[in-house]
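The values are calculated or read from the model by the stated rules, or taken from the named source; none is laboratory data. What you are looking at is a predicted structure, and each value in this text was computed from that prediction instead of being measured. Counting neighbours? That spans all protein chains shown, and the Cβs are built from the backbone with ideal geometry, glycine included.
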Amino acid sequence: MNNQANKDRLDKVVEMISSMAKLDFSERLNTEITNDPIDIISYGLNMLSEELEHNVVKKSKLEEINTNLEKFSYTVAHDLKSPLNTISALISLIEMENEQTPNKKIQEYINLLKETNDRSRNMINGILEYSRLNFRDITMQQIDLGKLCSKIAEEYSINKHVSISIDDHMPVIYYDETALTQILNNLLSNAIKHNDKDICKIQVSSRDKGKHYEISVSDNGPGISEAQKNKIFNLFENQNSSRSNSTGIGLAIVKRIISETNGTIHVESEQENGSIFIFTVQKKEEY
Amino acid sequence: MLKATTKSETIILDSSGVVKCYVHKDYFLELDDAKENLEVVKRFGNGKLIPVLVDIKESKGGSKECRAYFASEEAGKIQSACALLVSSPLSRLIGNFFIGLNKTKFPTKLFTDESEAMDWLKNFL
């Protein structure tokens, strides 16, 4: 093959790479499958483009399904809220009637009904809150993590059974302040809610991991069993916890916020030895 | 010894206990080929997971669907491990696309030497 023909083929290869750089994976090079180096590169690019195109389509389909599911759950939750409120009002009426001629057994049933109805309403509110998380409104800005942690910790300082320590050298990070407040509030209130000691001790720390920071919230609580570790970030997983009045959405929301900002969260814990929730925050504006 | 010839491969099970598949010269594997070949391997395995050597030195590669099938759950129910035998830059590229982008449920490795590949596969008998 002459030089001009090879140059033309290489121009096509460059064109194809340019398309791929623009995330257009629909192009294919017209190539023979031979051991000629340009053919090998062209064939490789074709296969790569094919795989990436397939994955892009798969991802967008999954995103569409996800959006539809979220819309569906929001609608269902919204529609269920009204009859549950009506049931709640009716229970109150029955309770008032029962107060006229008190019947212990009926009051017992009323209390059970109230409990069940409240739990259902909590779940519905949880689904609504989870579905309402709107990441389009997120505003990334510089935040002094130390200052923000101190501000949040101050709100918990009224409780004499809670002691929150914050590392001296917390970094300045790039995040949405509302979202970060929500994350920290959830982790701190969980640590307090589930604690079984006279004094609930919480430590907030950070570690520089190169491209990102690791923020950790550790406590001296009862710890989390191995089986629970994988489940606690799921919606409603913790709802029936015997120790607390949990709605079971806090950690699901925390995980969702962190995932949306390209971070990860995990928990390290041994039963009876407390837990450490560790989440990552990108250093640069990579959200 | 068991031997079968499909549209795309010569498939042999000898006393080594490893199924050896030799892709025909200049053959481009499609999904139907992959299914036909795995069916033979399954028959040779007689209900047990079996290590497989696939010689793609002379092959012209495979379609995206064929590559995906190679990594499918179905394939994982037949093969305990798979060694791909390559030689030229082209066959190495094809091999990497087979084992790189689609994560298999069983161990896979590229080899340029058949005896080394066989030594590795014998760990999965």
Considering each of A:LEU133, A:LEU184, A:LEU90 in turn, give the residue that is surrounded by 12 or more Cβ atoms within 10 Å (Cβ to Cβ) and free of Cβ contacts under 8 Å to residues at least 12 places away in the same chain.
A:LEU90
Any residue at all in the range A:39-57 that is of a type in the set (A, V, I, L, M), surrounded by fewer than 14 Cβ atoms within 10 Å (Cβ to Cβ) and closer than 24 Å to B:SER59 by Cα?
no
Residues in the range A:6-31 that are among the acidic types (Asp, Glu) and at positive phi: how many?
0
Which condition does B:LEU85 not pass, out of (1) touching a Phe, Trp or Tyr at 6+ places or on another chain (Cβ under 6 Å); (2) within 14 Å of chain A (Cβ to nearest Cβ); (3) under 25 Å from A:ASP36 (Cα atoms), if it passes all the others?
(2)
Within the range B:1-44, how many residues turn out to be within 14 Å of chain A (Cβ to nearest Cβ), closer than 19 Å to B:PHE111 by Cα and in a strand (DSSP E or B)?
1
Checking the structure you have, find out if any residue of the range B:91-99 is within 14 Å of chain A (Cβ to nearest Cβ) and among the polar types (S, T, N, Q).
yes
Going by the conditions given, is B:GLU73 more than 14 Å from chain A (Cβ to nearest Cβ), modelled with pLDDT under 95 and farther than 24 Å from B:GLU116 by Cβ?
yes
Residues being outside any helix (DSSP H, G or I) and either at pLDDT 90 or above or more than 9 Å from every other protein chain (Cβ to nearest Cβ) (or both) - total across the range B:100-125
12
Of the residues in the range A:182-240, those that are part of a loop (DSSP other than H, G, I, E, B), of a type in the set (S, T, N, Q) and in contact with a Gly (Cβ under 6 Å, 6 or more places away or on another chain) come to A:ASN195, A:ASN220, A:ASN238, A:GLN239
Residue that is surrounded by fewer than 16 Cβ atoms within 10 Å (Cβ to Cβ) and assigned to a helix (DSSP H, G or I), where the choices are A:ILE127, A:ILE106
A:ILE106
Check A:ILE106, A:ILE127, A:ILE152 and return the single one that is in contact with a Leu (Cβ under 8 Å, 6 or more places away or on another chain) and not assigned by TED's automatic domain parsing to the domain that holds A:GLY248.
A:ILE127
Quick one: which of A:GLU27, A:GLU50, A:GLU63 is within 25 Å of B:GLU65 (Cβ to Cβ), within 14 Å of another protein chain (Cβ to nearest Cβ) and charged (D, E, K, R)?
A:GLU50
Single unsatisfied condition, B:GLY47 versus (1) within 14 Å of chain A (Cβ to nearest Cβ); (2) without any contact (Cβ under 8 Å) to a residue 12 or more places away in the chain; (3) more than 22 Å from B:GLU116 (Cβ to Cβ)
(1)
Cβ contacts < 6 Å: first residue of a type in the set (A, V, I, L, M), restricted to the range A:7-34; second residue assigned to a loop (DSSP other than H, G, I, E, B), any location; separation 6+ or different chain. Result?
A:MET16/A:GLU27; A:MET16/A:LEU29; A:ILE33/B:LYS60
Within the range B:93-119, considering residues that are among the polar types (S, T, N, Q) and closer than 19 Å to B:LEU49 by Cα, the one nearest to the chain's Cα centre (by Cα):
B:THR108
